[in-house]
Each structure stands twice: as C-alpha cells, then as structure tokens.
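*Asks:* Provided herewith is a single structure, encoded as structure tokens, for subsequent inquiry.
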Amino acid sequence: MPQQKLCAISVDLDPVAAYYHIHGLGDPPKHVRHTIMRRVLPRFGELFEAAGVPATMFVVGRTLERLPEAQVALRELARAGHEIANHTYSHPYDLCRLPENVIAQEIGKAHDVVTQLIGEEHAPVGFRSPGYFINGRVLQALTGAGYRYDSSMFPSPPYWAAKVAVMGGMALRGRRSASVLTDPRGLTAPLDPYRPHYKRPWTRGDAPLVELPVTVLPHTRVPVIGTLFAAGPKWLQRYALDAVRKLHFFNFELHGIDLADAVDDSIPTELAGRQPDLRIPFVEKRRTFLDTIRTLKRDFRFVTLAEAATILEAEV
Ligand SMILES: [Zn+2]
C-alpha cells in the first residue's frame, strides 16, 4: 500500500477525426482536423499550470507531423515536467486485431516521432491503446520496446453496455462506427494496478511492465473520467469524487475533446449535436476541472503515470 494516495491525470489527445469516425460521419472538414493539437492542447497546459499538477499526455504520433505549433506546445509541456506518452501512430481502434509487425510499427513510429521532438531523456515509457484493451501481441510489442507501463484496461461494464447500445442504434440507422467494441475479456481485468500475464494481459501474471487500469468505481464500475466532469450531472460528480477519495490510486483519464468548444472552435453541428459535452463552453469546463483537481489535491499527491508506475511497481 502506498505511503501517500496518488492521482495521475492523463489526456488522450484523440483528433476530432476519431469522433467523426466513431459516429460514422466520414472525415471531418479541414478546419477542425487539427483543432485538438492546435487549439485545445495549450488549454490543458494552462489548466495544469493553474492547478499546479503534472499530467501525462497520450499523443497520436501522426497528429504531430507537419504541425509546428503542436510540436512547440508538446515540447513546452515536456519541459514543464509533464509526461508525453504513446497513443499509437494512427489511432487504429482495431489495434489488437492487426498483425504483429503492424502493431510494432504503430507503437514504434509514434515513439520515434515523439522522441525526435522532445529528446531521448523524455522518450515515452507508457502506452494507452485506442480500444481500451491490449492482447498478448500488443503486450509483447510494448515489452519489446522496453515500455514500463500500459494504461489501457478499462474494466467498466456500464461503459461497455452504453457503447453496445450506441453502436447498435447506429447499425439500425445504417451507419457504421469505426469504433470497435472493446474486447469483453477486458471487463474482467483487476481494478487496481497489477502485473499482467504475457498472453492474457487482462489477468495477473509476471510481465516486466505494470498495468495501470483507468479508474472505475468499485462495485458499480462507473467510470470516473473527464466526460463526467465536462458534462455530467453535479450530483454524480460529487458522488464520484467522494468515492475516489477512498482509493489509493486514482487514474483519472481525460480526452482532448473535454476542453474543446463547439462555438469557440467552430465545430460543425453534425458532431456537436452528437457530443453534448462540446456544447458546453470550454471556460465553464475548465472551471469544473480546476475545482475538481483542487478538491482532489486535499487527498492525493499528483504524479505522472510514469511516476505512479515506478512507485506502484514495487507493490504489484
Ligand atoms: Zn484515443
């Protein structure tokens, strides 16, 4: 058991295109293609600075290419003590189904793009899969690349059920989501950090890295992620905060889109209509996140996921 309770905030910097594809809308218009890296990433830098906490940014390698302002922003974040981690090169939702060599490329190419940008001393040591699950092939690629942790498991049956319902509804309307249903075996993964099994990473084993599952509440398995604080009801936010205070480790997952703003960022109604959180002004969401982090600071020491992995590794 850690001496002090730890909280690690991470941000998955999924491009707007990922949401267009999830909702079966095809490719996004040009003007929003780089919105997350160009406009939203600096907002996170400012939020974490105001809150005085370190964070982990999960970067999709491809989104950095030919985007000088995002490269500068990321370099500044690394210099400010934030961790830059690997979220694949092209964000394939079906990563686990790809052949071994393609999996290795997705991880390796993102690793190289980030490392070239921020330097060997800040090279990624952590990974999050686009599909909230890793199988033996992905784990093998990660250990082969010398990664110290994975943070992909998300053992939340309520989230899974909601996704089934949404994808089912889309299929009925003849639209296809690019999102692949998370492998249900991931729902049985431990809720606390653990050392994964080589072939079945959703179970305990003796792999040389540590799995840091995204936090879901014990018993109800309600996910305590950014969306809840960006757009969820206040009573549920209070309930969730009260419940996470009892945990020893809170792996708090946010997404780039949590600080995006349909009006301010000119995000078309075709997407904003399907993502209610986009219709809330980002200044309002920023305030809620700042208040939430300040509340959490009373109970938790904030660390990057890499730091959490180092501390928790000794206990798993
Ligand atoms: Zn993602």
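Taken together, the values in this text are just the output of simple stated rules run on the coordinates, not laboratory data. If you're wondering where the values come from, they're calculated on a predicted model, not measured in any experiment. Cβ atoms come from the backbone with ideal geometry, glycine included; neighbour counts cover every protein chain shown.
*Asks:* Hey, can you tell me all the residues within region 123-152 that are within 16 Å of the ligand (Cβ to nearest atom), polar (S, T, N, Q) and either within 21 Å of Val316 (Cα to Cα) or assigned to a helix (DSSP H, G or I) (or both)?
*Replies:* Matches in region 123-152: Ser151, Ser152.
*Asks:* Identify, by number, the condition in (1) within 16 Å of Ser152 (Cα to Cα); (2) more than 16 Å from the ligand (Cβ to nearest atom) that Leu95 doesn't meet.
*Replies:* (2)
*Asks:* Then there is this: Could you go through region 31-41 and let me know if any residue there is closer than 19 Å to Leu290 by Cα, of a type in the set (A, V, I, L, M, F, W, C), away from the ligand (no atom under 16 Å from the Cβ) and out of contact with any Asp or Glu (no Cβ under 7 Å at 6 or more places or on another chain).
*Replies:* No; the residues of region 31-41 include none that is closer than 19 Å to Leu290 by Cα, of a type in the set (A, V, I, L, M, F, W, C), away from the ligand (no atom under 16 Å from the Cβ) and out of contact with any Asp or Glu (no Cβ under 7 Å at 6 or more places or on another chain).
*Asks:* Residues being in contact with a strand residue (DSSP E or B) (Cβ under 8 Å, 6 or more places away or on another chain) and farther than 20 Å from Cys96 by Cα: count how many of those fall in region 147-166.
*Replies:* Our first condition is that a residue be in contact with a strand residue (DSSP E or B) (Cβ under 8 Å, 6 or more places away or on another chain); within region 147-166, this holds for 147-156, 158-159.
Okay, now just the ones that are also farther than 20 Å from Cys96 by Cα, so 158.
Final tally of qualifying residues: 1.
*Asks:* Are any residues in region 49-60 assigned to a helix (DSSP H, G or I) and either touching a residue at least 60 places away in the same chain (Cβ under 8 Å) or within 12 Å of the ligand (Cβ to nearest atom) (or both), and if so, which ones? Steps first, answer last, please.
*Replies:* Our first condition is that a residue be assigned to a helix (DSSP H, G or I); within region 49-60, this holds for 49-51.
Ala50, Ala51 - these are the residues of region 49-60 that are assigned to a helix (DSSP H, G or I) and either touching a residue at least 60 places away in the same chain (Cβ under 8 Å) or within 12 Å of the ligand (Cβ to nearest atom) (or both).
Rundown of residues vs (1) surrounded by fewer than 18 Cβ atoms within 10 Å (Cβ to Cβ); (2) among the acidic types (Asp, Glu); (3) more than 14 Å from the chain's Cα centre (by Cα); (4) under 30 Å from Met167 (Cα atoms), yes/no style:
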position: Glu76; (1), (2), (3), (4): yes, yes, yes, no
position: Tyr89; (1), (2), (3), (4): no, no, yes, yes
position: Arg97; (1), (2), (3), (4): yes, no, yes, yes
position: Pro124; (1), (2), (3), (4): no, no, yes, no
position: Phe127; (1), (2), (3), (4): no, no, no, yes
position: Phe133; (1), (2), (3), (4): no, no, no, yes
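*Asks:* Which ranges mark the helices (runs of 4 or more DSSP H) fully within region 230-316 that have 2 or more residues being closer than 30 Å to Ala78 by Cβ and hydroxyl-bearing (Ser, Thr, Tyr)? Quick ask: steps written out before the conclusion?
*Replies:* Details: elements: 234-244, 269-272, 282-297, 305-313.
Because the criterion is at least 2 residues that are closer than 30 Å to Ala78 by Cβ and hydroxyl-bearing (Ser, Thr, Tyr), the helices (runs of 4 or more DSSP H) in region 230-316 that meet it are 282-297.
*Asks:* Continuing with the same structure: Those residues that are away from the ligand (no atom under 16 Å from the Cβ) and touching a residue at least 40 places away in the same chain (Cβ under 8 Å), I need them from region 1-30; list them, please.
*Replies:* Residues of region 1-30 that are away from the ligand (no atom under 16 Å from the Cβ), as a first pass: 1-8, 24-27, 29-30.
Matches in region 1-30: Met1, Pro2, Gln4, Lys5, Leu6, Cys7, Ala8, Gly24, Leu25, Pro29.
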